[in-house]
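Working notes, structure below.
The values are calculated or read from the model by the stated rules, or taken from the named source; none is laboratory data. All figures in this text were calculated on a predicted structure; none of them were measured in a lab. Heads up, the Cβs are rebuilt from the backbone with ideal geometry, glycines too, and the neighbour counts pull from every protein chain shown. Just so you know, the surface numbers come from the protein's heavy atoms only, side chains and all, with ligands and any DNA or RNA stripped out. Shrake-Rupley method; radii C 1.70, N 1.55, O 1.52, S 1.80 Å.
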Amino acid sequence: MSRLDKQILSLLPTGADDPITAAELKNLCGVTRVRDITFAIHLLRKQGQVILSNGQGYFKPADKQEIRSFVRTMRSRQREIAEATRSAVKALK
């Protein structure tokens, strides 16, 4: 695990009530681009870290209900992306 990964994990608050933004993480971690933070979080999630997000920022889950809510949101987004993709796929046929 990289230094940045460890920093991010140590800075993530627990619970949805006080999430931290990618911009705040960028400043606290001393990186130059927000994209570096979002990509690191992407990789951490792929490695099995449970990092949740809402419209206000990132956080560790305080309970299973927060995880359920996150899963519902992500599944809804999956459906919306699939719907948006259908017409493009159809046009390729």
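What to note about this one:
- Taken over region 1-20, residues that are open to solvent by 50 Å² or more (accessible area, probe 1.4 Å) and in a helix (DSSP H, G or I) amount to 4.
- Residue list for region 21-42, restricted to those being open to solvent by less than 70 Å² (accessible area, probe 1.4 Å) and within 11 Å of the chain's Cα centre (by Cα): T21, A22, I37, T38, A40, I41
- Selection from region 43-74 of residues that are open to solvent by less than 90 Å² (accessible area, probe 1.4 Å) and closer than 14 Å to L9 by Cβ: L43, L44, R45, G48, Q49, V50, I51, L52, Y58, F59, K60, P61
- Selection status of I67, assigned to a helix (DSSP H, G or I) and in contact with a strand residue (DSSP E or B) (Cβ under 8 Å, 6 or more places away or on another chain): yes
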